[in-house]
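Asker: Here you go, one structure.
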Amino acid sequence: MEVALHTVLKEGCEADYDAVHREIPETVARKLRAAGVRDWRIWRDGRHVFHLVDVEDYDAMRTALRDDPDNIGWQQTVGPLFDRPDSYEGGDSGIRQLWTLTDQLQDALRERP
């Protein structure tokens, strides 16, 4: 499954955010992989940060990482950079997907006689 996320940095935290993401801690990267994350891509436009997470099960990943000491430490690093830090309390399902070219073209192929 792919989950898109949007977060907003605090004013002036852009360079700090970029710096901590040049390479995240190896322990965190390994915990993400163990929790089912196949890939996590990040784009930033000013203070707006967009994430695309390719993960087996997003809710299960968040549950697995909620109380993990390495993730808690990482959240203490990145959390203060955001307008609203992630609490891992649940209820986050990402940005709702509206359309994909692949789905549209597959539907069109199925409709052909």
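Asker: Quick one: length gained pulling Thr77 to Ala108 fully straight, 0.36 nm per residue minus the C-alpha distance? Walk me through the numbers before you get to the answer.
Answerer: On the way: separation 31, 0.36 × 31 = 11.16 nm, distance 4.67 nm.
Once the chain is fully extended between Thr77 and Ala108, it gains 6.5 nm.
Asker: Same structure, new question: Given 0.36 nm per residue, what is the gain on full extension from Arg33 to Asp67 after removing their alpha carbon distance, in nm?
Answerer: 10.6 nm
Asker: If you take every residue apart from Arg38 with its C-beta less than 15 Å away from the C-beta of Arg38, what net charge results, scoring Lys and Arg +1 and Asp and Glu -1?
Answerer: -1
Asker: Separate question: Treating the angle as unsigned and between 0 and 90°, give the value, to the nearest 10°, between the Cα long axis of helix 101-111 and the longest Cα principal axis of the chain.
Answerer: Approximately 20 degrees, to the nearest ten.
Asker: Highest mean first, how do 55-65, 1-11, 93-103 rank when packing is the count of other Cβ atoms within 10 Å averaged over residues?
Answerer: Final packing ranking: 55-65, 1-11, 93-103.
Asker: Here's another thing I want to ask about it. 7 Å from Cα along Cα→Cβ at both Gln97 and Asp57: what's the point-to-point distance in nm?
Answerer: Distance between label points: 1.9 nm.
Asker: Please give me the summed charge of the neighbours of Asp57: other residues whose Cβ is under 13 Å from its Cβ, Lys and Arg +1, Asp and Glu -1. Mind showing how you got there, number by number?
Answerer: Numbers: positive: Arg38, Arg62; negative: Glu2, Asp54, Glu56, Asp59.
Taking every other residue near Asp57 into account, the sum is -2.
Asker: Can I ask one more? Report the local net charge at Ser93: Lys and Arg +1, Asp and Glu -1, summed over other residues whose C-beta lies under 14 Å from its C-beta. If you can, show how the numbers build up before the last one.
Answerer: On the way: positive: Arg62, Arg96; negative: Glu2, Asp57, Asp59, Asp86, Glu89, Asp92.
Net local charge, Ser93 excluded: -4.
Asker: With charges set only on the Cβ (+1 for Lys and Arg, -1 for Asp and Glu), what does the dipole of the chain come to about its Cα centre, in debye to the nearest 20?
Answerer: Numbers: 15 positive and 23 negative charges, 31 e Å.
Computed charge dipole of the chain: roughly 140 debye.
Asker: Glu23 to His6: extension gain in nm, 0.36 nm per residue of separation minus the Cα-Cα distance?
Answerer: Separation in residues times 0.36 nm, less the Cα-Cα distance, equals 4.1 nm.
Asker: Please name which of Leu109, His6, Pro85 has its Cα lying farthest along the dipole of the chain towards the positive end, using unit charges on Cβ (Lys, Arg +1; Asp, Glu -1) and the Cα centre as origin.
Answerer: The Cα lying farthest towards the positive end belongs to Leu109.
Asker: How would the chain be classified by its alpha-carbon gyration tensor: rounded, prolate or oblate, with rounded meaning a/c under 1.5 and the a/b versus b/c comparison settling the rest?
Answerer: Verdict is prolate for the chain.
Bear in mind that the values in this text are calculations on the coordinates, not laboratory data. Just so we're clear, the structure is a prediction, and the values are computed from it rather than from any experiment. All Cβ positions, glycine included, derive from the backbone under ideal geometry; neighbour counts span all protein chains shown.
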